[in-house]
Amino acid sequence: MKVEIATLFPDFFSGPLQSSILRRAQQQQLLQVNLHNIRDYTHDKHRTADDRPFGGGPGMLLKPEPVFECVEALQPEPGTPVILASPRAPLFTQRDAIELSAYNRLIFVCGHYEGIDERVQQHLCTHVYSIGSYVLTGGELATLVMLDATVRMIPGVVGKADSVSQDSFMDGLLDCPHYTRPAEYRGWPVPDVLLGGHHAEIERWRHQQKLRATRQWRPDLWQNYPVSPQDEQLLEEE
Ligand SMILES: C[S@@+](CC[C@H](N)C(=O)[O-])C[C@H]1O[C@@H](n2cnc3c(N)ncnc32)[C@H](O)[C@@H]1O
């Protein structure tokens, strides 16, 4: 997958792109990331990328011209997602990560300042996502979050396909708790069922934990989860 990122802060990406999964995906040639400085598409001697909002109000806005010119210079093929990070948008979910992972090329646009001229969202971008109900300083962190979640879904990037398919959200539930050695640490034991080697019992316990966690912490997921009679039974147990 080829990923183009339009940003005012290309340096922001150097650490994350050189670490862990994102680094490995590039080494495996499953991912290529190109950073594009929006400021390179300004035309005045001060390289001005921002301006005051029409109608007044605090702060500055990212101007439309350098953003349009930057993305257009990348010559997106028809159908290539051009993705804007914005808090004023639907929430980015695992389903979106799976969907985006199927494309050969993605273009991300990072906003900054008080935001970005609305015409960028209306006439340039094909997708707009928020990564959560809080305001970040710029779209760079949001883009990295979406990129990481998407790249994990490209077959071959995460070593064991199972570890991805059993993650939170993949089956509509949060993940279960996990433990490793030692079996007892500071007097806190690992649940007996995990030590017994009885696979059906372990699976049953894990599913019960997933149901409980999702019901407790994520009512938004829980209301869409098709609870079966067996699930009901598991939930009634102590
Ligand atoms: C300071 S924010 C602008 C906030 C905007 N005035 C608002 O209240 O909706 C600057 C940029 O950060 C990015 N950003 C901030 N919070 C975000 C979030 N929760 N999800 C995605 N992008 C976000 C967007 O690209 C946005 O244009």
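By the equivalent-ellipsoid construction on the alpha carbon gyration tensor, the chain comes out with semi-axes of 42, 20, 16 Å, ordered largest to smallest. Rounded to two decimals, what is Rg over Rh for the stretch 166-236 when you use alpha-carbon atoms and the Kirkwood radius? With Rg and the Kirkwood Rh in hand, the quotient comes to 1.01. Taken one residue at a time, the phi angles of the stretch 39-47 give Karplus couplings (6.51, -1.76, 1.60, θ = phi - 60°) of 5, 5, 10, 8, 10, 9, 5, 8, 6 Hz. Gly and Pro are set to x.
May I ask you to derive the FRET efficiency for R204 and Y103 from their Cβ-Cβ distance with R0 = 22 Å, giving the value to the nearest 0.05? That gives a FRET efficiency of 0.05.
Entry note, the chain: relative contact order of 18 percent, from Cα contacts under 8 Å with a spacing of 6+ residues. Roughly how many whole Å is it from the C-alpha centroid of the stretch 139-184 to that of the stretch 78-97? Each part's Cα centre sits 19 Å from the other's. Residues whose amide H comes within less than 5 Å of that of G115, counting only those at least five positions distant or on another chain, are L62 (H built at 1.01 Å from N in the peptide plane). Accessible surface computed residue by residue for the chain, with neighbouring protein chains in place and a 1.4 Å probe, gives 60 Å² per residue. Radius of gyration over Kirkwood radius for the stretch 113-226, both on Cα atoms: the Rg/Rh ratio is 1.10. Excluding same-chain neighbours fewer than eight residues apart, the aspartates and glutamates reachable from K63 by a Cα-Cα span under 18 Å are D40, D44, D50, D51, E72, E114, D117, E118, E140. The 3J(HN,Hα) values that the Karplus relation (6.51, -1.76, 1.60; θ = phi - 60°) gives for the stretch 84-98 are, in residue order, 9, 8, 7, x, 8, 6, x, 6, 6, 10, 4, 4, 5, 4, 5 Hz. Gly and Pro appear as x. Which is farthest toward the positive dipole end of the chain among Y134, Y185, L84, measuring Cα position about the Cα centre, with Cβ charges +1 (Lys, Arg) and -1 (Asp, Glu)? Towards the positive end, the residue furthest out is Y185. Computed about its Cα centre, the charge dipole of the stretch 166-236 is approximately 220 debye, with only Lys, Arg, Asp and Glu carrying charge at their Cβ.
For K210, a cut-off of 27 angstrom between C-alpha atoms picks up these lysines, skipping any fewer than 8 places away in its own chain: K160.
On the accessible surface of the stretch 1-53, probed at 1.4 Å, how many percent belong to carbon and sulfur atoms? Looking at the stretch 1-53 in its full context, I get 44 percent from C and S.
The values are calculated or read from the model by the stated rules, or taken from the named source; none is laboratory data. Just so you know, these numbers come straight off a predicted model, no measurement behind them. Positions of Cβ are backbone-derived with ideal geometry, glycine not excepted, and every protein chain shown enters the neighbour counts. Note: areas computed on protein heavy atoms with side chains; ligands, DNA, RNA excluded. Shrake-Rupley method; radii C 1.70, N 1.55, O 1.52, S 1.80 Å.
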